[in-house]
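Have a look at the structure below before the remarks.
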Amino acid sequence: MLNNLKPQAPDKILALMGQFRADPRADKIDLGVGVYKDATGLTPVMRAVKAAEKQLWEAETTKTYTALAGEPAYHAAMAGMILGAGYPADRVAALATVGGTGAIRQALELIRMANPDATIWVSDPTWPNHLTILAYLGMKTRLYRYFDADTRGVNFAGMMDDLKEVKAGDVVLLHGCCHNPTGANLNLTEWAAVADLLERSGAMPLIDLAYQGFGDGLDADAAGTRLIAARLPQVLIAASCSKNFGIYRERTGILLALAPDTATRDLAQGTMAYLNRQNYSFAPDHGARLVTMILTDASLRKEWETELEQVRLSMLGLREQLASELRALAGSDRFGFIAQHRGMFSRLGASPEQVERLRAEHGIYMVGDSRLNIAGLNATTVPILARAIIDCGI
Ligand code: PMP
């Protein structure tokens, strides 16, 4: 039996992590895996999370099962954070999931149950897991142009041109903010044009919101999602708490389904709970409970928002520092896009050979498509990276 299995391609980013660990150079720099790191290279437990954990440890009297779809208080707190206060609760079905990945997986399974023929449109490029999960589920997938290799911004004309072929019953997967892997994002005018296109075509948006608070702020990062939610009758949103609460290993995420009426919402809610039951029964509760406590307690929330803002501003500062070092070294503004991009990642636009040279000659690790994790830098390593980028002819 087991000998019939075919070897699976290893995850490229995880393989890079292993290669980095094995590199004996003391001055090596890890810009690979998508984890926030502070200036000392640590991924700290956020202060509000520690405080909530302490409170929870003292107050928790049972660890019996929760509700299959997760706790209503978690649903409400997350829907409020994502959709804004005063969101239309009567339209929203919600499901606690195993991280943001679990939310995407459940969303795709839900779509497959509703319309097995749906084509899922994904940005070129996108987070590789989108593509591997879609292939694993055997769903039809098409790419739409997204990244402009010259400007390193969004090729919006190309995107809209490709999306002209979207049909009723298809699904368009959009990154809510902080696009992974490029760092290039839609502005609100572009979001509105996407909403027009979705309205016209009768396709449904699936928004992957994994970095709310990492780009322009908690509300600004959700603005595109909120615009879509206000305009379209049916919307799926897969959100992750891994990054903005720093609780990666707690596996905390949520799937929201916005329906046009309560009967459809109830149908979606029942199907979503069913999907949890079939795949893993209950989603982990610890992280979801911490998130609920933080979002609903004024002082914990203030502490969390303050720290999240520090995290966001530190990444913005590093972006500006890197762009200005490169401006000085290159004698041009051709790396200005680094300061325009938002979130943890930027796609540098280097060739695979140049990425390999950065690794071999400078001990600088980034993903092969030249995605770099800005949070892997600090004030000391920024100039080192800038010189290496110029040295490798990027
Ligand atoms: N979507 C995107 C675009 C991501 O980058 C990530 C994390 N790398 C996720 C979803 C899911 O994250 P998690 O499952 O760790 O919550």
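Please treat every number below as a calculation from the coordinates, not as lab data. Note that the coordinates shown come from a computational prediction; the quantities given were computed from them, not determined experimentally. Methodologically, a virtual Cβ is constructed for each residue, glycine included, from the backbone with ideal geometry; neighbour enumeration extends over all protein chains shown.
Please arrange H362, H179, H341 by counting, for each residue, the other beta carbons lying within 10 Å of its beta carbon, fewest first. Walk me through the numbers on the way to the answer.
Working: H362 19, H179 28, H341 22.
Ranked by crowding around the Cβ, least crowded first: H362, H341, H179.
Which angle between 0 and 90 degrees, to the nearest 10, do you get for helix 99-114 versus the longest principal axis of the chain when only C-alpha atoms count?
50
Tell me, what ³J(HN,Hα) does each residue in segment 338-348 have, in order and in whole Hz, if you take phi through Karplus 6.51 cos²θ - 1.76 cosθ + 1.60 with θ = phi - 60° and put x for Gly and Pro?
4, 7, 7, 4, 10, x, 7, 10, 9, 8, 6
So what are the ³J(HN,Hα) numbers for segment 145-155, from phi and the Karplus equation (6.51, -1.76, 1.60; θ = phi - 60°), rounded to whole Hz, Gly and Pro as x?
4, 9, 9, 8, 5, 7, 8, 6, x, 7, 8
Among the DSSP beta bridges whose two residues both lie in segment 65-296, what percent are antiparallel, rounded to the nearest 5?
Working: 14 of 31 bridges.
Approximately 45 percent, going by the DSSP bridge assignments.
Which residue fluctuates the most in the chain, going by a Gaussian network model with Cα springs under 10 Å, if the choices are N378, N187, N155?
Among N378, N187, N155, the largest GNM mean-square fluctuation belongs to N187.
Between E53 and R226, what FRET efficiency follows from the Cβ-Cβ distance if R0 is 35 Å, with the result rounded to 0.05? Numbers along the way, then the final one.
Numbers: r = 30 Å, r/R0 = 0.87.
My answer for the efficiency is 0.70.
Taking the square root of 5 times each eigenvalue of the Cα gyration tensor, what semi-axes in Å does the equivalent ellipsoid of segment 1-108 have, largest first?
On the way: eigenvalues 238, 115, 59 Å².
Values for segment 1-108, descending: 35, 24, 17 Å.
In whole Å and largest first, what semi-axes does the C-alpha gyration tensor of the chain yield when each eigenvalue is scaled by 5 and square-rooted?
On the way: eigenvalues 222, 132, 90 Å².
Its equivalent ellipsoid spans semi-axes of 33, 26, 21 Å.
Which FRET efficiency, nearest 0.05, do T189 and D219 yield, Cβ-Cβ r, R0 22 Å? Provide the component values of the computation, followed by the final result.
Values: r = 18 Å, r/R0 = 0.81.
Efficiency, from the Cβ-Cβ distance: 0.80.
Under a point spin-label approximation (7 Å from Cα along Cα-to-Cβ), what is the M113-L2 distance to one decimal in nm?
Here the modelled spin labels are 3.3 nm apart.
Would you kindly derive the ³J(HN,Hα) couplings of segment 34-49 from the backbone phi angles with the Karplus curve 6.51 cos²θ - 1.76 cosθ + 1.60 (θ = phi - 60°), listing them in order in whole Hz, with x for Gly and Pro?
In residue order, the calculated couplings are x, 10, 5, 10, 7, 5, 9, x, 9, 9, x, 6, 5, 4, 5, 5 Hz.
Using helices alone, I'd like the mean residue ellipticity at 222 nm for the chain: each DSSP H run of four-plus residues gives -39500 (n - 2.57), total over residue count, nearest 500. Could the numbers behind the result be given before it?
Values: 15 runs with 184 residues, N = 394.
Computed ellipticity for the chain at 222 nm equals -14500 deg cm²/dmol.
Calculate the spin-label point distance for V33 paired with L14, positioning each point 7 Å from the Cα along the beta-carbon direction, and give it in nanometres.
Between L14 and V33, the simple spin-label model gives 1.0 nm.
Between I29 and residues 5 or more places away or on another chain, which pairs have amide H atoms under 5 Å apart, with H built 1.01 Å from N, and which residues are they?
I364, Y365
In terms of the ratio Rg/(2.2 N^0.38 Å) built on C-alpha atoms, what value belongs to segment 65-296? Provide the component values of the computation, followed by the final result.
On the way: Rg = 16.3 Å, N = 232, 2.2 N^0.38 = 17.4 Å.
In units of the 2.2 N^0.38 Å rule of thumb, it is 0.94.
Hey, what angle do you get for helix 381-391 against the long axis of the chain, alpha-carbon based, 0 to 90 degrees rounded to 10?
The helix 381-391 is inclined about 60 degrees to the chain.
Could you name the lysines whose alpha carbon sits less than 27 Å from that of K167, not counting residues in the same chain fewer than 8 places away?
Of all the lysines, those that pass the test against K167 - Cα under 27 Å, at least 8 places apart if same chain - are K140.
Quickly work out the S299-to-A328 label distance, labels modelled 7 Å from Cα along the C-beta direction, and quote it in nm with one decimal.
Taking the simple label geometry, A328 and S299 are separated by 4.5 nm.
With everything on Cα atoms, drop me the angle between helix 262-279 and the longest principal axis of the chain, reported from 0 to 90° to the nearest 10.
Around 70 degrees separate the two axes.
In straight Cα distance, which lysines are under 25 Å from K302, not counting same-chain residues fewer than 8 positions off?
Result set, ordered by chain and number: K37, K50, K54, K243.
If one computes the Cα centroid of segment 161-213 and of segment 354-394, what distance in Å separates the two points?
So the separation of the two Cα centres works out to 31 Å.
Rounded to the nearest 20 Debye, what is the dipole magnitude of segment 51-97 about its Cα centre when Lys and Arg each give +1 and Asp and Glu each give -1 at the C-beta?
It works out to roughly 100 debye.
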